[in-house]
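These notes concern the structure reproduced below.
The values are calculated or read from the model by the stated rules, or taken from the named source; none is laboratory data. Just so we're clear, the structure is a prediction, and the values are computed from it rather than from any experiment. Every residue, glycine among them, receives a Cβ derived from its backbone with ideal geometry; neighbour counts consider all protein chains shown. Accessible surface areas use protein heavy atoms only, side chains included; no ligands, DNA or RNA. Shrake-Rupley method; radii C 1.70, N 1.55, O 1.52, S 1.80 Å.
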Amino acid sequence: MLPAAEQLRVLSSGTADIVPRDALLEKLGRGTPLVAKLGVDPTAPDLHLGHAVPLRKLRQFQDLGHEVVLIIGDFTALIGDPSGRNTTRPALSEHDIEVNAQTYIDQAFKILDRSKTTVRRNSEWLAPLGFADILRLTSQFTVARILERDDFQKRYRDGVGISLHEFLYPVAQAYDSVAIEADVELGGTDQLFNLLAGRELMGKLGLEAQVCLTLPLLEGTDGVQKMSKSYGNYVGLTDGAADVFGKVMSIPDELMVKYYRLCTSLPVDEVDGIEAGLAEGSLHPNAVKRRLAREIVGLYHSPDAAAEAEAAFDRVFKDKAMPDDIPEHTLELAETVHVPALLKELGLVTSNGEGRRMIAGGGVRIGGEVLPAGDFDVPAGQLDGAVIQVGKRKFARVVSASATR
């Protein structure tokens, strides 16, 4: 293993906070593998680069010789994590949880070393607990302590209901750390309260308390909102290589170093060098961004796919050519077509709302012409045979089914 100070330097890169930092250094100094834990509730089936940030940090722990435990919160998903929520999270069915869990695991192993990862479901130890066990656990926390959460404070102050079962979420997550005797738990900055609850409970139950390592939320391709499918600013782990390359090329320059630290597997020293080169002007931002796009595509596809995606990007944007493989859709077109709904049906946006936002921002072209803001309904004749473009990278050709008869 590397010396403890060097391991800490690597693990600190890109983190928001390590609580307490000295405790992690002391644990690393023992020279024995630590247990690094990440708990995830499988509330959605598809992951994007934002979800991958803590997985990348777990991979760093693995590469440094430590053990990783990925906890699938199949039991806590029945409660719903209230972090950052201003309403009670709707419950998922056990079937949906299991389907999402398997998809999550499959995508997580695009990043983690399968041979060095232990996957556990927290129903293993939470489901068997009886009411007396729950009382003993909850006695370790006070209502005042739970109400320190920012989201609970705000909801309580605003008169928004807080269900009693939501109070149990941080207790349940804390017990996950007890069950596996975690040395380190990872999470986003919005998870700090839950992570500290685990640290507190471990100490009260006579175990060595875990260290809490938080990671910043990753802004999406718009550079403003956190990456989310609902904002349409995400880069999906299962997106095609060309789509990933184009999306990464669209991020603001000021986010490049953050993406290098949180979304690639480059050594910390190399990322430090890229940051210095950008600052002093010895590296051109476009070349740095192209490399970033190649690195990310290469991680989730292959280096060859990254080279092909870059070539396709140049054909479309540098050489101003249309892609070679525009998908063609034969559809029954009404006399007047609601374009946001059509864009969703074609898979060019994830929702009608995103379609309306793209049109309002001038991001939709029909036959090469920008669709004016507010023009949500167009005649079918305007669409038949036309190439529809959304943003810079998404294309589809529409053919009227009646015209093919």
Residue satisfying condition, being in contact with a Pro (Cβ under 9 Å, 6 or more places away or on another chain) and not small (Gly, Ala, Ser), within set Leu262, Leu266, Leu237: Leu262
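Which one of these is under 18 Å from Arg121 (Cβ atoms) and at pLDDT below 95: Ala52, Ala77?
Within the list Ala52, Ala77, the selection yields Ala77.
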Residue match in the range 311-322 (condition: open to solvent by 30 Å² or more (accessible area, probe 1.4 Å), modelled with pLDDT of 90 or more, closer than 30 Å to Ala287 by Cα and in a helix (DSSP H, G or I)): yes
Subset of the range 337-357 [of a type in the set (S, T, N, Q) and either in contact with a His (Cβ under 9 Å, 6 or more places away or on another chain) or within 15 Å of Val387 (Cβ to Cβ) (or both)]: Asn352
When residues of the range 162-202 are limited to those that are in contact with a strand residue (DSSP E or B) (Cβ under 8 Å, 6 or more places away or on another chain) and outside any helix (DSSP H, G or I), the one surrounded by the fewest Cβ atoms within 10 Å (Cβ to Cβ): Glu181
Lys116 being closer than 30 Å to Asp243 by Cα, in contact with an Asp or Glu (Cβ under 9 Å, 6 or more places away or on another chain) and modelled with pLDDT under 95: no
Hey, Val99 assigned to a loop (DSSP other than H, G, I, E, B), more than 27 Å from Leu201 (Cα to Cα), open to solvent by 50 Å² or more (accessible area, probe 1.4 Å) and of a type outside the set (Asp, Glu) or not: no
Any strands (runs of 3 or more DSSP E) falling wholly within the range 331-405 and containing at least 2 residues that are more than 19 Å from Ala242 (Cβ to Cβ): 336-338, 364-366, 377-379, 394-400
Search result, residues across the range 277-301 that are open to solvent by less than 50 Å² (accessible area, probe 1.4 Å) and either in contact with a Pro (Cβ under 6 Å, 6 or more places away or on another chain) or without any contact (Cβ under 8 Å) to a residue 12 or more places away in the chain (or both): Gly277, Gly298
Given (1) assigned to a loop (DSSP other than H, G, I, E, B); (2) surrounded by 18 or more Cβ atoms within 10 Å (Cβ to Cβ); (3) of a type outside the set (Val, Ile, Thr); (4) modelled with pLDDT under 90, index of the condition Gly159 fails: (2)
